[in-house]
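**Student:** I have a structure here, written as structure tokens, and I will follow up with some questions on it.
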Amino acid sequence: MENVTEIKEWYKEMLAHRVIDSLEKNNMTGFYVKTGEEAREKVLSLIPLESKIGYGGSLSLDQIGVKDVLRAGNYHFIDRHEPQLTEEQKYDRRKKSLLTDVFLMSTNAVTVDGKLVNIDGIGNRVAALAFGPSKVIVVAGINKVVPDTEAARQRIRNYVAPIHARRLGLPLPCGETGKCVDCRNSLRFCNAVVTIEHQLQKDRITVIIVGEELGL
């Protein structure tokens, strides 16, 4: 009889492939890997040398260590986390990232029927997801998979946002209550809500689902 760990691994893989099948129907490409290390190698295999690369803020990308490899490699990596950059310079690099060969990001949620749901503060991440970069690579831990778009929004507003607010030490109501109160705080990051339901340009978006919990 299979042990519980093996059964859980089987279930995660089956779930991921359900999502991948749906992504394919929505003109997006999907892959499943078991670990963050495998995710990093998969991302690198999809990026040609000397590519111009941008990225959106992502704990998942930090966890798999792919940005460090890109910084050190033969790539044109638009790094807005270089020391001594002013806020104006960071903003300029965000804009330049919208016209890259490859844009890297995670997603707040991916649904079983193959939709990507994201809420953004500045909007650069969701803008790049929708239009601009030639290729978008999304890295998503299995914890990001949800049944549908309503579950995705609930997850983002009542789980991701409160934890993110406390992590950053922002004085937002959700960081105190643990749930969304639809605030009008000037620091809120639930400003732009974007759902990618389908891609006009086939395979422009690639989603790598990882059989580990990554990010929030």
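Coordinate-derived values only; no laboratory data. Given the structure is predicted, the values throughout are model-derived calculations rather than measurements. With ideal geometry, Cβ positions are generated from the backbone for all residues, glycine too; neighbour counts draw on all protein chains shown.
**Student:** Which one of TYR159, SER45, HIS17 is farthest out on the positive end of the charge dipole of the chain, using unit charges on Cβ (Lys, Arg +1; Asp, Glu -1) and the Cα centre as origin?
**Tutor:** TYR159
**Student:** Can you tell me the alpha carbon radius of gyration of the stretch 4-210 divided by the globular rule-of-thumb value 2.2 N^0.38 Å?
**Tutor:** Working: Rg = 16.9 Å, N = 207, 2.2 N^0.38 = 16.7 Å.
Against the compact-globule rule of thumb, the ratio is 1.01.
**Student:** Sort the following peptides by mean Cβ neighbour count (other Cβ atoms within 10 Å, averaged over residues), highest first: 125-136, 39-50, 166-177.
**Tutor:** Listed from highest to lowest mean packing, they are 125-136, 39-50, 166-177.
**Student:** Only four residue types carry charge here, +1 at the Cβ of Lys and Arg and -1 at the Cβ of Asp and Glu. Report the dipole size of the chain about the Cα centre in Debye, rounded to the nearest 20.
**Tutor:** So the dipole magnitude of the chain works out to roughly 680 debye.
**Student:** With a cut-off of 8 Å between alpha carbons and a minimum separation of six or more residues, what is the relative contact order of the chain in percent?
**Tutor:** With pairs under 8 Å counted, the relative contact order is 29 percent.
**Student:** Can you compute the FRET efficiency between GLN154 and GLU37 using 1/(1 + (r/R0)^6), with r the Cβ-Cβ distance and R0 = 35 Å? Round to the nearest 0.05.
**Tutor:** Computed FRET efficiency for GLN154 and GLU37 comes out at 0.65.
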